[in-house]
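To start, the structure itself, in structure tokens.
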Amino acid sequence: MRKLVTEKLIIASHNDGKAREINELVSPFGLIAVSAKNLGLSDPDETGSTFAENAKIKAEAAATGAGLPALADDSGLEVAALGGAPGIFSARWAGEPRDFDLAMKKIEEQLLETGADDHSARFVCALCLAWPDGHAELFEGEVRGRLVFPPRGNKGFGYDPIFMPDGYDITFGEMAPDAKHAISHRADAFRKLTKACFE
């Protein structure tokens, strides 16, 4: 495992919500995080077939483009009754421009079509920390729960308003950011990354 010794880190994302959340996670380590979007770096094509492969593509592109270590996240929602969909296509289900209200409605409609009582789902996150010399470290996390409709809460982003984590009676969309950060898929992966590369 390679330790991160720079103070500046590129967040390889053009998603403002995701960049904000990652920034909140890295700031306690004294890191100055700048998003790839703010640097004008292009968003590479995500041609991987897994979250880990896509995170690596994004991190390596940003690290090469900026000449600094870059942290990329590829994450999404997997719904058991839909065979793991939307999975790596979670953002693309929302279309362009991103409309997650539409994406959540699409999930609800497809669940109704299956007639399944099983509304279990999980959020998955793959984090890749890449250096300009080509070295990369990869970490994965998850949080399990179930889907609820109609969507509830306006905190968080993406599919948060329909995801209720196991052991809770509120959705990520209703949860205070600190509470979500403590149990989220991103926090799970981030704990592994910090132990390996930051501490």
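The values are calculated or read from the model by the stated rules, or taken from the named source; none is laboratory data. These numbers were taken from a predicted model, which means no experiment stands behind them. Don't worry about glycine lacking a Cβ; one is built from the backbone with ideal geometry, like all the others, and counts go over all protein chains shown. All accessible areas refer to the heavy atoms of the entire protein, side chains included, with ligands and DNA or RNA removed. Shrake-Rupley method; radii C 1.70, N 1.55, O 1.52, S 1.80 Å.
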Within segment 68-104, track down each residue that is part of a helix (DSSP H, G or I), open to solvent by 20 Å² or more (accessible area, probe 1.4 Å) and among the aliphatic types (A, V, I, L, M).
ALA80, ALA81, LEU82, ILE88, LEU102
Kindly provide the set of residues from segment 1-19 that are of a type in the set (Lys, Arg) and at pLDDT below 85, ordered by number.
LYS18
So, GLU60, is that one in a strand (DSSP E or B), at pLDDT 95 or above and within 18 Å of the chain's Cα centre (by Cα) or not?
no
Does GLU109 satisfy being open to solvent by 60 Å² or more (accessible area, probe 1.4 Å) and closer than 16 Å to PHE157 by Cα?
no
Given the criteria among the hydroxyl-bearing types (Ser, Thr, Tyr), out of contact with any Leu (no Cβ under 7 Å at 6 or more places or on another chain), in contact (Cβ under 8 Å) with a residue 40 or more places away in the chain and in a loop (DSSP other than H, G, I, E, B), does SER49 qualify?
no
Among strands (runs of 3 or more DSSP E) lying entirely in segment 118-199, which contain 2 or more residues that are touching a Pro at 6+ places or on another chain (Cβ under 6 Å) and open to solvent by 50 Å² or more (accessible area, probe 1.4 Å)?
none
List, please: which pairs have Cβ atoms under 7 Å, are six or more places apart or on different chains, and start with a residue in segment 175-197 that is more than 16 Å from PHE139 (Cα to Cα) and end with one that is part of a helix (DSSP H, G or I) and open to solvent by 10 Å² or more (accessible area, probe 1.4 Å)?
HIS181/GLU24; HIS181/LEU25
Pull out all pairs, ordered by first then second residue, where Cβ-Cβ is under 8 Å, the residues are six or more apart or on different chains, the first lies in segment 29-45 and is over 18 Å from GLY17 (Cβ atoms) and outside any loop (DSSP other than H, G, I, E, B), and the second is of a type outside the set (Phe, Trp, Tyr) and open to solvent by less than 60 Å² (accessible area, probe 1.4 Å).
PHE29/THR194; ILE32/LEU9
Return only the number of the condition from (1) more than 17 Å from PRO28 (Cβ to Cβ); (2) modelled with pLDDT under 90 that LEU147 does not satisfy.
(2)
